[in-house]
Amino acid sequence: MPLSDEHDLIAAGYPAGPRLQELLKKSTALEARGITDPAYALKLLKREAAPPPKQGLRDKPAPLSRPEPSCPMPARLIPESPPCRSAA
């Protein structure tokens, strides 16, 4: 039984494609060197050829971002100013 197969490498973050076959050959070479632990073999593969970073859009805005207020200053801080009106 091989140390890792295509499904293990894809689950580790490697994209499917021709590079996957190259990584499987390296995994077989690690097994030939006497490595029997699949987790250790994957760690060595990641050192040699790290998977690409995952990129995508966020589901939620960043924690420090917030929508612009419709009124620059709260009315309670400027007693003489009329209340702000929405730009709708």
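The values are calculated or read from the model by the stated rules, or taken from the named source; none is laboratory data. All values reported here derive from a predicted model rather than from experimental measurement. So basically every Cβ, Gly included, is an ideal-geometry build from the backbone, and we count neighbours across all protein chains shown.
Tabulated results
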{"item": "The stretch 34-49 residues that are within 13 Å of D8 (Cα to Cα) and touching a residue at least 24 places away in the same chain (Cβ under 8 Å), paired with ones that are in a loop (DSSP other than H, G, I, E, B) and hydroxyl-bearing (S, T, Y) (beta carbon under 6 Å, 6 or more apart)", "result": "P38/S4"}
{"item": "Single unsatisfied condition, S86 versus (1) modelled with pLDDT of 75 or more; (2) exposed (fewer than 10 other Cβ atoms within 10 Å of the Cβ); (3) among the polar types (S, T, N, Q)", "result": "(1)"}
{"item": "Leading residue by the ranking (surrounded by the fewest Cβ atoms within 10 Å (Cβ to Cβ)) among those in the stretch 1-34 that are modelled with pLDDT of 90 or more and assigned to a loop (DSSP other than H, G, I, E, B)", "result": "G34"}
